[in-house]
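Trainee: Structure below; questions to follow.
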Amino acid sequence: MFKKILVSEDIDSISFGLVSILQKNYPSEIRTTKYCDDALLKIKAALHEGKPYDLLITDLSFKDDYRDVKLSSGEELVEAARSEQPDLKIIVYSIDDKPYRIKNLFDKYKINAFVAKGRDSSTEIIEAMDIVHDTDTIYTSPQLSHIARDMAILEIDEDDITLLKYLSDGLTQPEISELLKNAGKTSSSTSSIEKRINKLKIYFKANNAIHLISTVKDMGII
Amino acid sequence: MKVKITIVTLLILLIAAGCTYSLSSAANDNTIKDITAQAKELDLVAKKWEQKKLPDSAFYYYNASQIKYLDAKDYLKAANTLLKMAQIQYAAGDYPGSEISAMKSLYISKNFKDLNYLLNIYKHLGATHRELSNNDKAIFYYEKAYQIEKDTFEILKLQSTIARVYIAKSEYTTALQLLNKAKKSGAIDSDPIEKAAIIDRIGYSYFKQGNNSALKAMNEAMEIRQHVNDINGLVLSYLHLSEFYNSSDPDNAKLYALKAYAITWQSSNYKRKLRSLLRLIAVSDGKDADMYSHHYAILKNDADHNTQTAENKFKKMLDNAARNADNPEDIAKLEVSKDNNKILTLALMASVFSSVLLFYQLTQRHKKERLLDAYAAETRLSKKIHDEIANELYGTLHYIEHEDIVSGSKKEKLIEQLDNIYLMTRNISRENNDIDTGLRFPVQLKLMLATYSNNGVNVIVKGISKINWEKIESIKKIATYRVLQELMVNMDKHSKATVVLIDFSSEKNKVKIIYSDNGIGTDCPKINLKNGLQNVENRMVSIGGSISFDTKSEKGFHLTLTYPLPILYV
């Protein structure tokens, strides 16, 4: 289990709460800090002493106060800590739930877990620690799990619109295939047209081709 | 700032150049000798301007010089100077003005006898009247010139020109008599352009008379003109041939009309262009005819405007000069200052233009700053809500959950309520958080839209990556993000939609975003505007954009957002 944990969190009540949960569950050495700069110093010092931290739990947002800081956000701390100690496990613990920011944390800063602050965060943080410690898989709070999976972005293009227009004009799939071939489209075979129609049916929640056309007509797409 | 400096330097240079061009002091002695000297000086200045291809300025000085010559009773010089003025007016398309100047000149010429002068003035008056379609008067003056002319080639040219006027009068027999005489002249082979003109006129007259040799002559003329690349002549050849084929071979007629019109673009002659268009309209039908009629109307308007401007310009100059005639010594000064005035006007225009540009840039910058301020305030507040209120609330929630301050069902209720407040503050901060306006903007926008996709709703995106986001200002990106977020929140709360499409596209200078869903829609978009959509409109207006509702379709909710792409300063 984690032997040495660093908590970087500027709100005292949260910090205390978190530490009490951690202490209840693990017999670890736990240090807290309110500033990202201090957190990085602690990580560096521990490395120097040969007793490095093996887990960092950090918030993303820190209040500005009288102190001039070099690292002003959780992202910056994560980035600096990663380059200082690549094998450090990092859990971000934040109320931020913007998908873009979270995705970026996983993709760019290679954090190990993201736990959203909320009613269930006490149990979630324990879960996260267990998973992160035992495996290399990442953890995300269940309410945000759709972000960690590759978020399904439903995108269509001009060719889809052309296809829908042809369909609404009453053209058959072989006829459409012929037209697309003449227009120099690469995906003009009847099977790729079929695939496209199926994709569009799913996107537009249509049960069949007729339903699809009536939906897109109602939406003014064609 | 660099631009501003160059403009200022330019102004100084312009003014300096204007000042150096002033005349040496005008003498006050009224002796004839001095006046003649002044007249000559003015004449020289006029010629200088003419060499510099500034006919307007030359016209000023010729007029001043002409008055001095008259004072000095040098009638020949005065008449010749007036003729020069008439020629300048003719070249600018001011035919009525040119006629008046020429007639003044002719009136003065009663005082002397100079055949060379008479030849020139008659030819000029002939040409002016031809342009004014006074065919009889044109013939009258050309005949007079014809009687004096001694040069064989010039005689041939006059015959051809007179024939041209007879053709315009539809008197083909007389025209042919003259043309055949000209064709027999030995001088004809010295100038292929003139030769082609004569043969073409013969061919055209034959055609009008129903003579079989018409086509042969017209083709011969066309070949000569093609050979020497005589653009002006070729236009006429093509027009005549188009007319020739008009009823017998409409396709050929149209082909020649098109050829004529195409070739007119190689010269700046409005008249030929208009004539070719008239021919094209005559041989076209349907959409083509409409299009050419449209071209004709535009061109005719331009041509009329140009002529009118030329007429007004010269008339004004003459009027001003006449007003100052009581004070002849001042004329020279006046004219000089006039040219200085011109330069000053130019300078003034340049400075006005540059200050307008500067003002525009400043207001744009100010607007930008205001918008960025608003955005900064928003972000700051949301960070405060996030950092302070939400976190404190969460801390309290945490504390109550783990300490035994309250107990039982009351504790559960309190925690639930606190949790609700916590979620609310979190939503506020989420909706107003900072936006990455850099390279990852489109990805971020896509992800934001995708978060509203769930089991109930499919949010479909089209064309986000087709937009050149790098070129678009941060303010506009922020507004785009916020507006779409607002629309998604609205959709989530009210629309009951199951499918939403956001279609991004960019037209010439605009970004266009179409939102459409299949929800319950709204009967009256105005009511809707009062609520959440007012924000959307405000944001669009603040970046110079607009919002429009599609009320045509009965189902769902559709609206279009547009805003301009950045203007590039060159």
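Trainee: When every alpha-carbon pair in the protein assembly as shown is counted, what percent end up more than 43 Å apart?
Mentor: When every Cα pair of the protein assembly as shown is considered, 60 percent fall beyond 43 Å.
Trainee: Could you estimate the translational diffusion coefficient of the stretch B:231-316 from the Stokes-Einstein equation, with Rh from the Kirkwood formula over C-alpha pairs, at 25 °C and 0.890 mPa s, in whole µm²/s? Please list the in-between numbers first.
Mentor: Working: Rh = 13.5 Å.
Translational diffusion coefficient: 182 µm²/s.
Trainee: Identify, among B:Gln89, B:Val283, B:Asn490, the residue whose Cα sits farthest towards the positive end of the charge dipole of chain B, taking +1 on the Cβ of Lys and Arg and -1 on the Cβ of Asp and Glu, with the dipole about the Cα centre.
Mentor: B:Gln89
Trainee: Anything over 21 Å Cα to Cα? Flag those among A:Lys34/A:Lys70; B:Lys73/B:Lys123; B:Lys367/B:Lys477; B:Lys466/B:Lys508, in the order listed.
Mentor: Working: A:Lys34/A:Lys70 14 Å; B:Lys73/B:Lys123 25 Å; B:Lys367/B:Lys477 16 Å; B:Lys466/B:Lys508 13 Å.
Correct reply: B:Lys73/B:Lys123.
Trainee: How far apart, in nanometres, would the label points at B:Val443 and B:Asn212 be if each is projected 7 angstrom from Cα along the Cα-to-Cβ direction?
Mentor: Roughly 8.5 nm, to one decimal.
Trainee: Where a ≥ b ≥ c are the square roots of the eigenvalues of the C-alpha gyration tensor, would you call the stretch A:4-148 rounded, which needs a/c under 1.5, or, failing that, prolate if a/b is larger than b/c, or oblate?
Mentor: Numbers: a/c = 1.26, a/b = 1.17, b/c = 1.08.
Here the stretch A:4-148 falls in the rounded category.
Trainee: Now for a different question. Go ahead and run the numbers for FRET between B:Asn420 and B:Val352, Cβ-Cβ distance against an R0 of 60 Å, rounding to 0.05.
Mentor: On the way: r = 62 Å, r/R0 = 1.03.
Here the calculated transfer efficiency is 0.45.
Trainee: Once both axes come from the Cα atoms, what is the angle between helix B:270-283 and the longest principal axis of chain B, in degrees from 0 to 90, rounded to 10?
Mentor: That works out to roughly 70 degrees.
Trainee: When only C-alpha pairs under 8 Å and at least 6 residues apart count, what is the relative contact order of chain A, in percent?
Mentor: Values: 258 pairs, mean separation 28.9, N = 222.
About 13 percent, as a whole number.
Trainee: Based on a Kirkwood Rh over C-alpha pairs, give the Stokes-Einstein translational diffusion coefficient of chain B at 20 °C and viscosity 1.002 mPa s in µm²/s. Walk me through the numbers before you get to the answer.
Mentor: On the way: Rh = 32.1 Å.
Calculated translational D: 67 µm²/s.
Trainee: Span-like helices, chain A: DSSP H, alpha-carbon axial extent 18 Å or more, mean Kyte-Doolittle 0.0 or greater, which ones?
Mentor: Working: long enough: A:12-25 (20 Å, 0.46); A:36-49 (20 Å, 0.16); A:121-134 (19 Å, 0.14); A:190-203 (20 Å, -0.68).
Counting only whole DSSP H runs, the qualifying helices are A:12-25, A:36-49, A:121-134.
Trainee: Continuing with the same structure: Along Cα→Cβ, 7 Å out, is where each label goes; now give me the distance between the ones at A:Glu155 and B:Lys150 in nm to one decimal.
Mentor: Placing both labels 7 Å along Cα→Cβ, they lie 8.8 nm apart.
Trainee: Also, I was wondering about something else. Distance check, please: which entries in B:Lys462/B:Lys510; B:Lys216/B:Lys300; B:Lys216/B:Lys254; A:Lys110/B:Lys383 exceed 27 angstrom between their Cα atoms? If you can, show how the numbers build up before the last one.
Mentor: On the way: B:Lys462/B:Lys510 17 Å; B:Lys216/B:Lys300 34 Å; B:Lys216/B:Lys254 20 Å; A:Lys110/B:Lys383 25 Å.
Table pairs above 27 Å Cα-Cα are B:Lys216/B:Lys300.
Trainee: What is the gain in length, in nm to one decimal, between B:Glu403 and B:Ser185 on full extension, counting 0.36 nm per residue of separation less the C-alpha to C-alpha distance? Spell out each step's value before the answer.
Mentor: On the way: separation 218, 0.36 × 218 = 78.48 nm, distance 12.53 nm.
Computed gain between B:Glu403 and B:Ser185 is 65.9 nm.
Trainee: What's the tally of Lys pairs in the stretch A:158-218 whose alpha-carbon atoms lie under 21 angstrom apart, where the two lysines are 8 or more places apart or on different chains?
Mentor: 16
Trainee: Counting every Cα pair in the stretch B:349-487, what percent are over 18 Å apart? Could you put the intermediate results ahead of the total?
Mentor: Numbers: 6759 of 9591 pairs.
In whole percent, the share of Cα-Cα pairs in the stretch B:349-487 beyond 18 Å is 70.
Trainee: What FRET efficiency comes out for the pair A:Ala183/A:Asn208, r = Cβ-Cβ distance, R0 = 22 Å, nearest 0.05?
Mentor: Details: r = 26 Å, r/R0 = 1.19.
It comes to 0.25.
Trainee: In which sequence would A:Ser73, A:Ser122, B:Ser65 go, from the one with the fewest C-beta neighbours within 10 Å to the one with the most? Numbers along the way, then the final one.
Mentor: Numbers: A:Ser73 15, A:Ser122 20, B:Ser65 29.
By the 10 Å Cβ count, ascending: A:Ser73, A:Ser122, B:Ser65.
Trainee: Something else now. Counting alpha carbon pairs within less than 8 Å and at least 6 residues apart, what relative contact order, in whole percent, applies to chain B? Each step should come with its number before you reach the end.
Mentor: Values: 676 pairs, mean separation 48.2, N = 570.
The value is 8 percent.
Trainee: Report the label-to-label distance for B:Asp71 and B:Arg380 in nanometres (one decimal), using points 7 Å from each Cα along the Cα→Cβ vector.
Mentor: 7.5
Trainee: Going by how many other beta carbons lie within 10 Å of each one, how would you line up B:Leu280, A:Leu105, B:Leu559, B:Leu423, fewest first?
Mentor: Working: B:Leu280 25, A:Leu105 22, B:Leu559 19, B:Leu423 14.
The fewest-first ordering by Cβ neighbours comes to B:Leu423, B:Leu559, A:Leu105, B:Leu280.
Trainee: Working from Cα positions, state the angle (0 to 90°, nearest 10) between the long axis of helix B:152-168 and the longest principal axis of chain B.
Mentor: The angle comes out at about 60 degrees.
Read-outs: derived from the displayed coordinates by stated rules, not from any lab. Because the structure is predicted, anything quoted here is derived from the model rather than measured. Counting neighbours? That spans all protein chains shown, and the Cβs are built from the backbone with ideal geometry, glycine included.
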